[in-house]
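These notes are about the structure you will find just below.
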Amino acid sequence: IHIDVMHAEAGANLKKLLEIEKRLLLSTDDLKTQHGKSVQGSLNASKELQTEFATIEKKKEELADYLCEDRKKLSLEDIFSTMKTFREIFLKALQENQERKKQAAKSEKRKKQFKGEEAKRPKGEYGK
């Protein structure tokens, strides 16, 4: 889901809610009491959402500046995809490093065990 699409849909919903609010003001008192609170609550939530979108846009611009990217061309979806790929590769590398450490520890243990067994063996003729 692209954030621009969500932002556009939220803007369209806000416009619809404002239109509903206008119609509600012109309607009967019964309708106002029935739907007034829910419409007002939806309007408040929609305005909060618009504020969140503005915050996201500001953070996106800050991120673009930090990454030395063009603010208008920067795609959050691409950045998140890149971050996800990096995380997957990083975690795989960590796992491989742990496996190498385990293998090295096993190898070292086998070498010590072999040396211990060599020392315990009776020496034959001429020190062999």
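Computed from the coordinates by the stated procedures, all read-outs in this text should not be read as laboratory data. Please read all numbers here as calculations on a predicted model, not as lab measurements. Positions of Cβ are generated from backbone atoms using ideal geometry, with glycine treated the same way; all protein chains shown enter the neighbour counts.
Here are the numbers for the structure shown:
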| quantity | calculated |
| --- | --- |
| Listed residues 75, 105, 89: farthest to the positive end of the dipole of the range 75-128 (Cβ charges) | 105 |
| Sorted largest first, extent of the range 75-128 alpha carbons per principal axis (Å) | 78, 13, 5 |
| Under the Karplus curve 6.51 cos²θ - 1.76 cosθ + 1.60, θ = phi - 60°, whole-Hz ³J(HN,Hα) for the range 6-17, x wherever Gly or Pro sits | 4, 5, 5, 5, 5, x, 5, 5, 4, 4, 4, 5 |
| Expected 222 nm ellipticity per residue - DSSP helices of 4 or more, -39500 (n - 2.57), all of the chain, to 500 | -30500 deg cm²/dmol |
| Net charge dipole size for the chain [Lys, Arg +1 and Asp, Glu -1 on Cβ; Debye, nearest 20] | 1620 |
| Relative contact order %, the range 1-69, counting alpha carbon pairs below 8 Å whose residues are six or more apart | 38 |
| Theoretical gain in end-to-end length, residue 85 to residue 65 [0.36 nm per residue, Cα-Cα removed] | 5.0 nm |
| Order by protection proxy (mean Cβ within 10 Å, highest first), peptides 5-18, 110-123, 66-79 | 5-18, 66-79, 110-123 |
| Pairs beyond 28 Å (Cα-Cα), from 59/92; 47/72; 15/59 | 59/92 |
| Size-normalised alpha-carbon gyration radius of the chain, reference 2.2 N^0.38 Å | 2.39 |
| Residue 120 versus residue 44: modelled label distance in nm, points set 7 Å from Cα along the beta carbon direction | 7.9 |
| Relative contact order computed over the chain (Cα-Cα under 8 Å; 6+ residues apart), in percent | 18 |
| Top positive-direction residue, dipole computed over the chain with Cβ charges, set 8, 116, 44 | 116 |
| Cβ charges +1 (Lys, Arg) and -1 (Asp, Glu), total dipole of the range 75-128, debye | 700 |
